[in-house]
Structure formats: structure tokens, C-alpha cells
1. Could you check the spin-label model distance between Ile386 and Val511? Points 7 Å from the Cα along Cα→Cβ, value in nm.
2. How high is the FRET efficiency from Asn435 to Ala107, r the C-beta distance, R0 45 Å, rounded to 0.05?
3. Taking all protein chains together and a probe of 1.4 Å, list Glu118, Glu106, Glu289 from the most accessible to the least accessible.
4. Sorting Met406, Met369, Met284 by accessible area (1.4 Å probe), largest first, what list results?
5. The stretch 452-517: which GluC sites (Glu not before Pro) are DSSP loop and have at most 16 other beta-carbon atoms within 10 angstrom?
6. Could you work out the local net charge near Val263, counting Lys and Arg as +1, Asp and Glu as -1, over the other residues with Cβ closer than 11 Å to its Cβ?
7. Separation between the Asp489 and Ser170 pseudo-spin-labels, each 7 Å from Cα along Cα→Cβ, expressed in nm?
8. Students often get this wrong, so check it: of Lys155/Lys506; Lys155/Lys456; Lys148/Lys506; Lys155/Lys245; Lys244/Lys354, which have C-alpha atoms separated by over 25 Å?
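The values are calculated or read from the model by the stated rules, or taken from the named source; none is laboratory data. Since this is a predicted model, take the numbers as computed values, not measurements. For neighbour counting, all protein chains shown are included, and Cβ atoms are generated from backbone atoms with ideal geometry for every residue, glycine included. We work out accessible area using only protein heavy atoms, side chains counted, and drop any ligands, DNA or RNA first. Shrake-Rupley method; radii C 1.70, N 1.55, O 1.52, S 1.80 Å.
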Amino acid sequence: MKLYITAAAVDVDDVTKPKAAPPVARRGYRSVLVTGLLAGVLLFRAALLAVEAGASLCPSTTGCLGWRTGFAHWLYGGDGDATEEFMREWKRSHTEASLLDPVVVEAAPDSLDGLMAEMDTILASYDRLDMEALVVKIMAMLLKMDRKVKSSRIKTLFNRHLASLGIPKSMHCLALRLAEEFSANSEARSPVPLPEHAPRLTDASCIHVCLVTDNVLAAAVAVASAVRSSADPSRLVFHVVSDKKSYVPMHSWFALHPASPAVVEVKGLHQFDWRDGDAIASVMRTIDEVQRSSLDYHHCECDGSVGTGREYGRLEASKPSTFSLLNYLRIHLPEFFPELGRMILLDDDVVVRKDLAGLWEQELHGNIMGAVGAHRTSGADGDGGICIERTLGEHLNFSDAAVTSMAPSLGLHGSQCAWSWGVNIIDLEAWRRTNVTKTYQFWLQKNRESGFRLWKMSSLPPALLAFHGRVRAVEPLWHLPDLGWHMPDAELLQVSAVLHFSGPRKPWLEVAFPELRDLWLGHLNVSDGFLRGCSVVE
């Protein structure tokens with residue numbers, strides 16, 4: 001049985017009015033009618049979302065019983081049975097809506113005004129409305145709008161992802177200008193460091209800080225912020241390791257912008273003087289494995305690992321950091337610096353706010369590394385609190401047999417706290433007494449051979465396995481990560497010693513959070529000719 005509403009029937013309660021209402025009046029009544037129907041459908045949708053949200057947030061069914069009952073009373077004035085009836089009816093109608101003919105959905109009006117115009121056309125021809133057809137049209141219109149919103153969100157995320165991958169024109173300009181200066185200006189080719197400062201490169205009384213990077217601008221900020229925050233910058237010695245492509249502009253920058261009284265050393269991978277054949281063979285094994293992983297990852301039918309879809313995996317693979325060789329070569333710090341016993345390792349996307357001497361003096365108690373995130377916070381209710389960083393289960397795929405088979409022997413479980421790269425104090429002597437580097441290479445190869453099922457391709461997961469049981473937790477104030485993902489609490493931002501812009505919104509990009517970007521730019525000299533000439537600073 002179909003229900004029809006005629007134009008005349010709209011005014012049935014008022015017999016004193018003429019049977020045919022003026023067009024404006026008829027449109028007003030139809031507007032109220034359609035608005036009422038639309039509001040009902042929207043209420044159903046909002047109610048379903050509320051119920052589903054409640055189900056996902058409640059720790060148990062009984063814990064949410066009172067909430068569901070209260071919702072039923074609010075919606076129906078009845079008991080909880082009405083909720084179940086409502087859910088069944090909505091799911092039925094929602095399923096029907098999702099099964100609508102795509103042609104019907106595509107032809108649906110784009111707005112309420114469009115729907116009203118269609119109603120005017122129908123009434124002009126037939127003088128009546130088919131309510132069932134009207135409801136289907138409204139459902140199709142909502143479904144069309146819903147799809148447009150989802151499509152817009154996906155496009156927004158994708159465009160933001162692309163923006164995070166790009167290198168700004170200003171940074172391209174800076175690298176080219178510095179390379180040109182290197183060839184034309186003898187001062188830009190002067191030794192870094194100067195010969196009189198070379199003995200400090202192996203001086204155990206100095207604070208040795210390593211940055212493995214190909215980003216000139218990021219390295220400049222990291223060094224400048226650390227020097228500015230130091231109580232005794234003359235103790236600071238920075239070892240900047242770069243690749244062959246970025247070595248020239250990196251050298252040129254620090255030759256023309258010395259960090260006095262601190263010392264900066266710039267070395268390309270091609271300049272290291274390996275002491276023995278085993279060291280270079282080990283480095284070449286890592287390079288080969290990363291290159292093979294990159295090739296296999298882009299051609300495999302894998303799903304991108306750890307709960308991600310294939311397309312997401314492809315997006316992850318497009319990130320420069322995923323297969324950046326420099327990120328993986330951090331595992332060879334003992335080979336890079338055979339004469340050093342201790343070192344602070346910083347990522348390039350950091351801003352140092354406090355004296356690094358406090359981190360340098362951390363006691364590691366025989367461990368290889370000190371890192372934030374290797375422990376839990378204190379729980380107010382005595383439950384042990386939560387991990388500072390992520391858990392191992394968020395990095396490693398514990399549902400894979402290769403991980404679960406070795407987990408008991410290594411004492412691994414998914415709820416254990418994971419540490420992260422970014423701000424690390426490292427005992428190189430303790431590292432040399434272990435097989436950590438070989439273990440790292442083993443798991444890197446194992447993940448590739450498994451079709452990247454063990455973890456989403458990254459330099460951190462194999463390090464979590466290789467360094468397991470050899471990491472000492474340091475105070476959380478030494479590392480505030482994820483500033484490329486979200487804005488932190490203002491108080492936390494104020495007390496943290498090192499700010500880490502991990503995430504897509506790097507401070508040198510336009511997509512960065514403005515407040516954090518200004519904080520990062522504050523460590524660049526606004527009067528510098530190179531920076532102004534390339535519009536890095538205004």
C-alpha cells in the first residue's frame with residue numbers, strides 16, 4: 001500500500017480556504033513536510049551513531065546498560081526494548097539505502113532546494129506526492145552527500161600527505177645556492193672543523209652529538225638550538241653525517257656559519273676511513289638490504305603490515321623516511337666513530353630547549369642506550385600507568401608466526417613499552433661488545449622475506465628487536481615527540497628539553513602548525529643572506 005499526499009490534502013483541516021492554495025503557500029507546506037521527513041532520517045542516523053559510539057566506548061555491556069536505557073527513554077519515552085526495535089528498523093532501512101541503485105543515488109538532488117524544485121515539478125504534473133518515493137529520494141540524497149563528504153576527507157588526507165612529502169622550493173634554492181658558493185668561494189670550502197679544533201673530535205671530556213641527515217636547514221636549527229640552550233657550548237661537538245648528494249651544501253653551510261664556541265664536523269658517507277674489511281662489509285650489507293627491501297616493497301602484494309591496507313602501505317612507502325638509507329645506517333654508529341665511547345643521537349627534526357649535559361650524564365647501568373618511552377608512567381590507581389610512547393604491539397605484528405615463535409624466548413609481549421629514535425644517549429663501547437648490529441640486519445632481511453608481514457616498513461621495528469633488554473629508560477622531559485601530528489599541551493611544551501617534530505607536519509613545511517613552526521624558525525637568523533634570498537625567512 002502506498003501513501004500519497006495531494007496538494008489539496010495539505011489544507012484539509014481548514015475548509016474555509018480554497019482547495020488550491022497559492023503556489024508560495026503550497027511550497028511552504030511542502031517545505032515543512034520534507035523538512036520533517038529529513039529531520040526524522042537525520043535523527044535516526046544520529047541516534048545510530050550515538051548508540052554505536054556508546055558501544056565502542058563502554059568497557060562492558062552491563063556498564064552501558066544504564067546509558068542505553070536512558071537513551072531509549074529520551075528517544076521513545078519507553079524502555080530498553082524500544083532501543084532494540086529502533087536498531088533493527090534503522091539497520092534495515094540503512095541497508096536498503098546502501099543498496100540503492102547507484103544511478104538513483106547519482107541522480108538525487110544535491111540540496112534541500114533541489115529536492116523542493118523536484119517536488120514542484122511532480123506536483124505540477126500529478127498534483128500528488130508518492131511518500132515512499134520521496135523517502136527513497138531523501139535517503140539517496142543523504143547517501144550521496146555522505147559519499148561526497150567521505151571523498152572530500154580522503155582527498156584532504158591524500159593532499160596533506162603529498163604536501164608532507166614535498167621539499168619546499170626554498171629548500172631546493174638553499175641547497176643550490178650553497179653548492180654554488182662551495183664552488184666559487186674558498187671560505188665555503190674551508191675545513192669543517194678547522195684544524196685547530198680537530199683534537200676535540202675524539203676528546204672524551206666533550207659532549208658528542210650525532211645527526212645523520214641530508215637536510216641542511218634542519219641540521220642548522222638542531223645545532224643552533226642546542227648551542228643556544230647549553231650552559232657551556234664549548235663542550236659541544238657535533239658530528240653531522242650526510243650522504244654524497246647533500247655533503248657539499250651541508251659543508252658549505254657550516255663552513256660559512258660556524259657554531260662557535262661549539263665544534264661541528266661534517267662528513268659524507270664516502271669520506272669515512274674504514275679501519276677493517278669487516279666494518280665496510282657490514283655497512284654494505286645494510287645498504288644492500290635496504291635497497292632490496294625498497295624494490296620488493298613497491299612490487300609485492302603485501303598489505304603494508306600491522307593492520308593496514310595495501311593502499312595505505314603504498315602511501316607509507318612513498319614517505320622519504322621509509323627507505324631513507326641514512327635512517328638505517330644509524331645502526332652503524334660504532335663503525336662510524338671507532339674512537340668514541342659515548343654519543344647523543346638526535347634526529348634532525350628537533351629543537352633543543354635545555355642543556356644536553358643533563359642527558360649526557362645519564363647513567364645507563366650497563367645498557368647500550370637510554371631512551372624515552374622504555375617505561376610506563378606511574379598510575380594514580382596503582383595499575384602501573386601507561387606507556388610513554390607506543391607499545392611493541394603497535395610496531396610489531398604479534399599475530400604473525402615468525403614474531404610469536406620468537407617472542408617467548410626474547411621475553412617479548414605486545415603490551416611492553418616501546419622506545420623511539422629521536423633523542424638517545426648511546427654507550428658505543430657497550431654496543432661493540434654485542435651482536436646488536438647483526439641482529440638488526442637479520443630482522444630487516446626476515447621482514448622482507450616474509451612479504452613485510454612482521455611490521456610496516458620502518459627503521460625502528462628491527463631496532464626494537466635488536467636492542468631489546470638493552471635500553472635504559474630516561475626521564476620523559478628529554479623527548480617530546482609527535483609535534484608533526486598534533487599540538488601538545490602548553491605546559492608540556494614549556495618543560496620539555498627536546499621537541500621532536502616527528503610526523504608529517506614538519507616545521508619547514510607550510511602544513512606545519514603555525515605556533516610550532518614559528519618556534520622552530522626562531523632559531524634561524526632572519527638577516528642571513530642565503531635564507532632571505534631563498535625566502536626561507538621573510
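1. Output for this residue pair reads 2.5 nm.
2. Numbers: r = 66 Å, r/R0 = 1.47.
Rounded to the nearest 0.05, the efficiency is 0.10.
3. Most to least solvent-accessible, the answer reads Glu106, Glu118, Glu289.
4. Result of the area sort, largest leading: Met284, Met406, Met369.
5. Numbers: sites: Glu491, Glu510, Glu515; in loops: Glu510.
The qualifying sites are Glu510.
6. Here the charged neighbours net out to -1.
7. Taking the two extended label points, one gets 3.2 nm.
8. Working: Lys155/Lys506 20 Å; Lys155/Lys456 23 Å; Lys148/Lys506 29 Å; Lys155/Lys245 33 Å; Lys244/Lys354 32 Å.
Distance filter (> 25 Å) returns Lys148/Lys506; Lys155/Lys245; Lys244/Lys354.
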